[in-house]
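Participant: Mind looking over this structure? Questions follow.
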Amino acid sequence: MKSLLPHFIAAGVFAAALSGSAQTAPLTLEPVVTTTARTQDPLVVITDPRAAAQPAPAHDGADILKNIPGFAVIRKGGTDGDPMFRGMAGSRLGIIVEGEEVLGGCGMRMDPPTAYIFPAAYDRITVIKGPQAVRYGPVSPAGAVRFERDFERRKEPGSSGFATATLGSFERRDGAFDLRGGTADWQGRIATTYASMDDYEDGSGQTVHSAYERWSTHAALAWSPADHTFVELTGSLSDGEAAYADRMMDGRRFDRQNAGLRFRHQPTVGRVRSIEAQAYVNAVDHVMDNFSLRTFTPTMMMPGMTVANPDRLTYGGRIELDLDLVDALDLDVGLDHQSDQHRIRRTMNQAAMPFTAMPRSPNATFHQTGVFAEAAYAISHDRRIFGGLRADSWRARDQRSVVRVGMGGNTAPNPTAQTQRTEVLPGAFFRLEQDLPSGSTLFIGVGHTERFPDYWELVAPESATSLSAFQLDPEATTQVDMGWLLQSGPLDLSLSVFANQIDDYILIQRNTLKPHGMADGFRKATIARNIDAYSLGGEFSLGYRLAENWRGDLSLTAVRGTNETDDLSLAQLPPLEGRLGLTYEKSSWSTGLLWRIVAAQDRVAIDQGNIVGQDLGTSPAFDVVSINASWAPTERLRISAGIDNLLDVTYAEHVSRGGSPVAGFIQTTRVNEPGRFAWLKCDYQY
């Protein structure tokens, strides 16, 4: 994998050279290394994707979320893990990039939505917990994660920029720069990122098949003729390759092309505070094979050099009006739409029949149109209510004429070929917030959402009685969220708890015995079926200024669930986890320690789970100690360093994918986490 790091170092030097003519006010980079994100408002967490952080600075969208209490990442290799919040993954967790819902192409989740997200290219990440918003597309039961870029009209011509570079163990090399500038009326922005790493070693010194290389470029041109009007044209390109320890193939292409147009206008008179509209198109072209990034080894399932090339074209848009009906009432109403088509082509013998010569076969299309209204009403100076209603019209068509039976090349007629299904599904929430004299806030909210089955649930698996799962019922979740926030002097406290009932929960179950169909006997299949389930849990965070220079942080997260239909534990739930951080900060430098403690998990349902993975068995407890230090010699420059997994512990997360046999590597039960990892990061901003 060829390194592009020198180009990013040069970009950083270029940005520094420009700083001499910049007309912006001085900016300050904090010397503290972040070890956890804090709740800002009830059920809302906001974090800075460019802040120095431990564990090691993030390189993809999932990696950065694991610093937020309640999140876990399902590891597959060195990159492209699937994020999970409160035990919910896949489309149960909405991933939104500047108003767009990004979708991957791989039927086996090699490229989850966060695989196409490069954190250093964004200004802010906002997490909304639970079904407590209707403005950001179909309501996701776990919540929504928004990756956002800011725009502020300039008062006078000038420029600003940010450059960062990271070096780490296992040849980790990251770089990024973000340069923006212009006049009050016209502004341009370009952001480029690069990240790569070789195969890492676990705590026992065993090498894990996990090398990757990723890059992205984002450009924007904005026109703002007045303070209250903004039009922006954007474009993005990204690609990469990644080795995987959990499967028989690797990803050699993650090509994404995106174009978007945004408009915002804030009238100076009348009851309309703002009008926002956007349109976008997003194309993902993904290639995976069993020979480019590993030694080719024939197997019964893949006797030849095999390539699969799924792609996905998504387009959509939205319009939203923010209305000021009365002084105490704020109302947002709008409409959004998204359509996407998924296609695939493959070959089992690349040498004789190259995949590029194969036709692309469409296998499914999805169309969604939603209308929503969300309101905030201040009952008094210390009491507020929030609520929202949403309805989504769904249409999906199964375009497969045949379905694959097993991992080989065998196919059979598709029993749901050309079947079209339509649904109109609701979403709603209500929340009450009460400020107390102590400076704290209590809140309670109720949300309901009915989720249309996604591509990975309808197309990838079979059903219990058919070769197709295209007729799965929608999943309905009703959830109660409540909690307490306190900010008083040296103390920051956040408590969020939830409980839900999930009717027709979509369960993915592997190794299910089914008739062979083409011969006597039985075969093992992966199926999707509806069950009834519930889960409950929450997050607790405490930050306390122990002395002028000392700060302590504590967080606890827990989730439990039950599959009521099968009378089993709900599968793929992370265990109880605690984090303890201690930071010493003085003037321009800081040092800190992070101790992560994870309990054993014995509440499992073997072979059951979700589109991301299934339970492999129980998992042992583990704890990991990491240390960091940071120095800001000037207001614009920050140098930080750390050692993750200081004691070189060998461990794997409970929700990890299972290890796969890869020639030249030792197979493990789960994909083990990296061993001792040292990193050095330099940030410059002007």
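Since every read-out is calculated from the coordinates, none of them should be taken as a lab result. What you see is a predicted model, and the numbers here were worked out from it, not measured in a lab. A quick note on method: Cβ atoms are made from the backbone with ideal geometry, for glycine too, and the neighbour counts reach across all protein chains shown.
Participant: With charges set only on the Cβ (+1 for Lys and Arg, -1 for Asp and Glu), what does the dipole of the range 93-204 come to about its Cα centre, in debye to the nearest 20?
Facilitator: Its charge dipole is roughly 560 debye.
Participant: Could you list log10 I(q)/I(0) for the range 392-534 at q = 0.17, 0.21 Å⁻¹, which the Debye formula gives when each Cα is one point scatterer?
Facilitator: -0.95, -1.22
Participant: Residues of the range 563-603 with amide nitrogen under 19 Å from the 7 Å Cα-to-Cβ point of residue 631?
Facilitator: Residues passing the 19 Å test: 584-593.
Participant: Charges at C-beta only: +1 for Lys and Arg, -1 for Asp and Glu. How large is the resulting dipole of the chain about its Cα centre, in Debye rounded to 20?
Facilitator: 1140 debye
Participant: Order of 381, 218 from fewest to most other C-beta atoms within 10 Å?
Facilitator: 381, 218
Participant: Between residue 379 and residue 412, how high is the FRET efficiency from 1/(1 + (r/R0)^6) when r is the Cβ-Cβ distance and R₀ = 45 Å? Nearest 0.05.
Facilitator: Once the sixth-power term is evaluated, E becomes 0.15.
Participant: Taking +1 at the Cβ of each Lys and Arg and -1 at the Cβ of each Asp and Glu, which of 526, 559, 597 sits farthest along the dipole of the range 507-597 towards its positive end, judged by Cα position relative to the Cα centre?
Facilitator: The residue sitting farthest along the positive end of the dipole is 526.
Participant: Okay, next question. Once you keep just the Cα pairs under 8 angstrom separated by 6 or more residues, what percentage relative contact order results for the chain?
Facilitator: 14 percent
Participant: Another one. Work out, in µm²/s and without decimals, the Stokes-Einstein translational diffusion coefficient of the range 349-408 at 4 °C, 1.567 mPa s, Rh from Kirkwood over C-alpha pairs.
Facilitator: Rounded, D is 76 µm²/s.
Participant: Hey, another quick one. Mind checking the range 524-562 for chymotrypsin sites (Phe, Trp or Tyr not before Pro) that DSSP puts in a loop (not H, G, I, E or B) and that have at most 13 other Cβ atoms within 10 Å?
Facilitator: none
Participant: Give me 76, 66 ranked fewest to most by other Cβ atoms within 10 Å of their Cβ, as a rough exposure proxy.
Facilitator: 66, 76
Participant: Can you give the local net charge around residue 586? Use residues other than it whose beta-carbon is closer than 14 angstrom to its beta-carbon, Lys and Arg +1, Asp and Glu -1.
Facilitator: Result for the local shell: -1.
Participant: Let me ask something else about it. Given the rule -39500 (n - 2.57) for each run of at least 4 DSSP H residues, summed and divided by the residues of the chain, what is its mean residue ellipticity at 222 nm, to the nearest 500 deg cm²/dmol?
Facilitator: My calculation for the chain gives -1000 deg cm²/dmol from helical runs alone.
Participant: Here's something else I'd like to know. All other residues with a Cβ under 10 Å from the Cβ of residue 122 taken together, and with Lys, Arg as +1 and Asp, Glu as -1, what is their net charge?
Facilitator: With Lys, Arg at +1 and Asp, Glu at -1, the neighbours total -2.
Participant: Taking the Cα centre of the range 228-279 as origin and charging only Cβ (+1 Lys, Arg; -1 Asp, Glu), how large is the dipole, in debye to the nearest 20?
Facilitator: The calculated dipole for the range 228-279 is roughly 380 debye.
Participant: Next question, about the same structure. Got a sec? Charge dipole of the range 230-315, +1 on Cβ for Lys and Arg, -1 for Asp and Glu; which of 268, 235, 313 is way out at the positive end?
Facilitator: 268
Participant: Modelling each spin label as a point 7 Å along the Cα-to-Cβ direction, I'd like the residue 265/residue 395 distance in nm, to one decimal.
Facilitator: If labels sit at residue 265 and residue 395, their model points lie 3.0 nm apart.
Participant: Now for a separate question. As a footprinting exposure proxy, order 327, 289, 322 by other Cβ within 10 Å, with the fewest listed first.
Facilitator: Exposure proxy ranking, most exposed first: 327, 322, 289.
Participant: Please compute the net charge surrounding residue 60, taking Lys and Arg as +1 and Asp and Glu as -1 over other residues with Cβ under 10 Å from its Cβ.
Facilitator: Computed value for this residue: -1.
Participant: Okay, next question. Just how far, in whole angstrom, is the range 243-273 from the range 616-686 if you go by their alpha carbon centroids?
Facilitator: Answer, in whole Å: 28.
Participant: Now for a different question. Taking the highest mean first, how do the peptides 332-345, 79-92 order by number of other beta carbon atoms within 10 angstrom per residue?
Facilitator: 79-92, 332-345
Participant: Given 10 Å bins starting at zero, what is the percent of C-alpha pairs of the range 470-628 in each, up to the one with the largest pair distance?
Facilitator: Values per bin, smallest distances first: 9, 26, 27, 19, 12, 5, 2, 0.
Participant: With r defined as the distance between the Cβ atoms of residue 228 and residue 565 and R0 fixed at 51 Å, what FRET efficiency is calculated, to the nearest 0.05?
Facilitator: 0.40
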